[in-house]
Amino acid sequence: MEAKMKAKDEGNDLDDATFINGLTGCSPSNWMASSITPASQLAHLCHHMEAIDQKKKFFVDKWERKDGHGGGISCVLQDGAVFEKAGVNISVISSELTEAALHQMRERLHSLKTDKRLKFDVVGISSVNHPVRTLIKRYSYDRRG
């Protein structure tokens, strides 16, 4: 089920309850991204960035991979007073290692002796922010694990 939320200036307020329930359709304690950062903390960060900008609100999009092996939350604010464009994103992906990846790992890890497929999970949070003023540097961060 895909859920999208419009920005406040388009009619919807991005309060914590709406952010969590409208975005995920479930409690953040059992949604896949909660292991990275609770949805309430993502909403908190977005609220503070909106307070800095004072002109625009974040557009929030909860997405899922078509294969069912992951998804995330993307939050974007654009054409603001302070931020030309700002994004805060969380993603969680899971799958199985390909045969080529297993072969490459076995070359480095000789103790890896398995004939069955191995699952992996990748989680990440990132943010890229471009200020309106060109003399202020853009900043970004990401954390993957």
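The values are calculated or read from the model by the stated rules, or taken from the named source; none is laboratory data. Treat the numbers as computed from the prediction; the structure is a model and nothing was measured. Ideal geometry is used to build each Cβ from the backbone, glycine not excepted, and the neighbour counts take in all protein chains shown.
Keeping to region 129-144, report how many residues are within 20 Å of residue 75 (Cβ to Cβ) and not acidic (Asp, Glu). So that I can check it myself, show each step before the final result.
The initial filter retains those residues of region 129-144 that are within 20 Å of residue 75 (Cβ to Cβ), namely 129-132, 138-144.
Subsequent filtering for residues that are not acidic (Asp, Glu) retains 129-132, 138-141, 143-144.
Matching residues across region 129-144 total 10.
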Inside region 44-66, the number of residues satisfying the requirement of being touching a residue at least 12 places away in the same chain (Cβ under 8 Å), closer than 25 Å to residue 122 by Cβ and charged (D, E, K, R) is 4
Only one of 61, 67, 121, 115 is acidic (Asp, Glu), modelled with pLDDT of 85 or more and surrounded by fewer than 18 Cβ atoms within 10 Å (Cβ to Cβ), namely 61
Tally up the residues in region 53-66 that are touching a strand residue (DSSP E or B) at 6+ places or on another chain (Cβ under 8 Å) and either among the charged types (D, E, K, R) or over 26 Å from residue 95 (Cβ atoms) (or both), please. 9
Quick test for you: out of 88, 76, 132, pick the one residue that is surrounded by 14 or more Cβ atoms within 10 Å (Cβ to Cβ), at pLDDT 80 or above, within 21 Å of residue 48 (Cβ to Cβ) and in contact with a Phe, Trp or Tyr (Cβ under 6 Å, 6 or more places away or on another chain). 76
